[in-house]
Structures are given as C-alpha cells and as structure tokens.
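Below you'll find the structure, written out as structure tokens, and then a few comments.
The values are calculated or read from the model by the stated rules, or taken from the named source; none is laboratory data. Nothing here was measured: the structure is a model prediction, and the numbers come from that model. Neighbour counts are summed over all protein chains in view; Cβ atoms, including those assigned to glycine, are modelled from backbone coordinates with ideal geometry. Keep in mind that these areas ignore ligands, DNA and RNA; they rest on the heavy atoms of the full protein, side chains included. Shrake-Rupley method; radii C 1.70, N 1.55, O 1.52, S 1.80 Å.
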Amino acid sequence: MKKAIVLGLTVLGLLCLAGCKKEAPKESVLSVAVLPEDYKRETGGMMLTEQGYYYCSMENRDLHYYDFATGTDMYLCNKPECKHDGNKFCVATNDKYRIDRVCLYGGRIFATAVEETDTAYLFKVLQIALDGSEMNEFVTYYTLEKTGITTVEYADDRLFIHRNRMVIPMQVNGQGEDTTYYGTAWVNLDTKEVSYSDEEVLSKENIALTHMDGFGEYIFYCKQVTKKKMELYRYHMTDGTEEAFKLTTSFGGQYEPLDENTVVYIRKNGRTFFVYDHTTGNNEEKQLTFTFTEHLHDQYGEEHISVYESDAVGLRYDGTYFYVADKSYLRKDKKADGSGEKIIIGNSYLHVFDGNYKKLAEMNVVEELTRPRPWNELMYLNKYLHHSDPNVHLYYFGDTVYGVWSKVEAKEGHYVVKFSRSDLLAGNPEYELVLKEQP
C-alpha cells in the first residue's frame, strides 16, 4: 500500500544482522511525561545507549535494537508470538505506518511516519516504548490530499527535538518538472499544538530548514537561500524572533554552538575553523592542518611517495574538545622519479583540538590503513570508510566515546568504533570495532 511513498530521508540505516528475537529491552516508559531535554545530536538516527542501540532499517523502515553484549540484532517488539510480518500488533514492522526519522527523547522513542489512505497522506508523530511493548499515535501534524502528488520526502536527515519543541521539515514532489513543495511543521510536545513556519504550509517558494541544533532558548538551523549559498539562523523559542548569523560565503552547514551567541564552524571543503560572535559580528579564522606523507613500495620493490591532503567534513564539540573528521583524501601518488597520477581514495581520520583550537591528537579509524600493505591493494581502499553524513557522529559516555563511520559505496553499512578519550589524548589512538559490516 505504501509503495507509492518514497521517503528521501537518510536515517542511519545500520545493517540488520541475522537473529530476530521476540524479546527486547524491558523498559516501558510511555506513562512517563515528556522531559524538557536539550537537543542531543547523538539521539537521532542511531540511538546509542551503553548497552546497545536502537535504529530504523534503511530498507524496510523496521525498528530494531542491537545488543552489544550478545551481538544480537532483534526487532523492537516484545509481543508474544509476534511474527514481525507487518501485522497491526507489531511495534517494529507495523504495516500501517511508513516510519521515517527517529529520536530518543524523554525516555522514549519518537518517530515521524506517513500513513497512506485511499485519498490522502497523513503525517504523524509516533511514540514508542524502549522495550517494544507499545507504539501510540502522538499527533497528526499534517494531512495532504493525493491529488497531483507523487512522492513524499524530507529535507533533513534527523528528527530534531529541543526542550519539547519538535521541528519537522517536509518535502513533497508533484507531477511534472519543478513541482517540489517545501514546508516546516513545529510540534509542541507539551500541548501537541502544531504550527508552521510559512503562511502556506507547502509551497515551491518555501525554504526548508536543515542542519538544526539547539542551545538554551534558541533553535539554530540553516537555509539554502541559493544553490551556492547557505545561511545560519537562530530562533528564540519564547518570543519567536529569527536572526541571521553573518558567516563567510563558504559556509556549508558544519557548525557547533558554543553558547547562545557564539558558533564555531568550518568552511565548505576547507581546512579552517571560524569563530563567529553574534554580539560583535566578528568572524575569527583558525587554521587547521591535515597533511602527511607516506612511503610505499609496490610489488616490484619500487618506492612511491604519497602526500595526503584532506578537507574538514564534520565538526563536533563535547564542551571541552573539538573533534574534526576529514573526508576522502586527495592522494597525490608519485614514484621516486617524480612521475605518477592523482587518485581519490577513502580515508577517514578523526582529529582532536582543544578549546584554543590547538591540535592534540588524531586517529585513523580505517583499520586497513594502519597496517603495511602492498601497492596493488591501494585501489581496494576505495571501498572503505568515509563520512556520508556531513556531521561527525560521536556519542559520549564519560571517558568512553563511540564513533560511527559509513562506507563510501554503501550508505546502509556502518562501522561503530569505541575508544577512550584520555588514551587518545595521551598519544594512544587505539580503538575497538564494536560493529563492522564486511565489504
């Protein structure tokens, strides 16, 4: 029934491993009131806990839980004797809803979903118990008649909730060319009140909100005002005012709010930090360094010198340290006589900077790049890690940090690594692969 619906959102669709189980974590919480938490980027998409993580599969939009201790992937449904076949009682595979984005918030999972009827698409928010015992409709935030509509998509890749305010960008495609309509719905989790950013809920002229974050009384988001220009705004949750931040023209959506007035961001395809102070309007530039040289020998014993250069592609801040991930390196491959060619390969490093933007450590999270290898294996590395999402996915539990990287050619495949922050800063960049999809 829902084959006509194409949801373009990229929720972290971590691989569904074998071994469906009927049981799930025993934590029914739907009777608990929604807690007014600050937004946590790590609770969207892949919802990590210290014991395991919840996720929505990319292929079927089913809900799953993966347990670290047992290495078991299970459907998030504990209904006795449930076959997890899409029946109306199954929490994980309920065929009534096409689940889109998910977020762990206030002790439960919230999800956006679309229900298709004969005449309309019903845009809904669901709330789901952590033990898979319950799934209830929280609110229907929009109803769209099917007339002239071909697909329903979303303009951002994570479900955003900050202090009980949910922001949901929408994208709907109509028939013919240039018939994409945008809109943004706002849901108050306290009152279930729904409002919209624009006078016309869906319109070709509306600008979708993306790259959302929250700090204090403000919600931050980006607008793609032209094909080449993105702007950052902040919205005051009490008085409803919106203000633009005057960042550099090369801003590409990678930023972290340090407080309500200050953001750190990296320019698009660059190696530079910028610190923007909204009270003064100043943009202060900080230089990053991502270059190193490697000496290799081919199967014939001939030496090759490789100079790696990379651009910052993801930025995170844990309150003390900045973590910057780079995208695939531009590999300048030269033989000893100076000849050679340029090759793009997929490396992925994580760099750590202190509060003064001084580089403290780096870690290569591609295990294949940490061992000696013959020349003829270099092109094989194209299959390995690269950030498909522009943001770094890091999850903090005290001194333990989990990181998520995805493969270049398989967005549904991800690696989860675990490392000690103190060990990394002490010069020991070792990590443990918690989950790895085989290429």
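Tabulated results
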read-out	value
From the options Gly71, Gly52, residue that is closer than 30 Å to Asn188 by Cα and at pLDDT below 90	Gly52
Residue check for Phe68: within 26 Å of the chain's Cα centre (by Cα), open to solvent by 10 Å² or more (accessible area, probe 1.4 Å) and within 17 Å of Asp131 (Cα to Cα)	yes
Extreme residue, nearest to the chain's Cα centre (by Cα), among residues of the stretch 214-229 that are without any contact (Cβ under 8 Å) to a residue 24 or more places away in the chain and open to solvent by 50 Å² or more (accessible area, probe 1.4 Å)	Gln224
Residue list for the stretch 41-58, restricted to those being open to solvent by 10 Å² or more (accessible area, probe 1.4 Å), among the hydrophobic types (A, V, I, L, M, F, W, C) and not in a loop (DSSP other than H, G, I, E, B)	Leu48
In the stretch 125-154, the residues that are open to solvent by 30 Å² or more (accessible area, probe 1.4 Å), in contact (Cβ under 8 Å) with a residue 40 or more places away in the chain and not in a strand (DSSP E or B)	Glu134
Conditions (1) assigned to a loop (DSSP other than H, G, I, E, B); (2) surrounded by fewer than 13 Cβ atoms within 10 Å (Cβ to Cβ): number failed by Asp198	(2)
Where a residue in the stretch 393-404 is of a type outside the set (S, T, N, Q) and its partner, wherever it lies, is open to solvent by 50 Å² or more (accessible area, probe 1.4 Å), with Cβ under 6 Å and at least six apart	Phe397/Glu50; Asp399/Ser422; Tyr402/Lys418
Number of positions in the stretch 107-124 that are open to solvent by 10 Å² or more (accessible area, probe 1.4 Å) and among the β-branched types (Val, Ile, Thr)	2
Test result for Arg165, of a type in the set (D, E, K, R) and open to solvent by less than 40 Å² (accessible area, probe 1.4 Å)	no
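Residues checked against (1) within 28 Å of Ile266 (Cβ to Cβ); (2) at pLDDT 95 or above; (3) assigned to a loop (DSSP other than H, G, I, E, B):
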position	(1), (2), (3)
Pro169	yes, no, no
Tyr182	yes, no, no
Trp186	no, yes, no
Asp190	no, no, yes
Ile207	yes, no, yes
His211	yes, no, no
Phe220	yes, yes, no
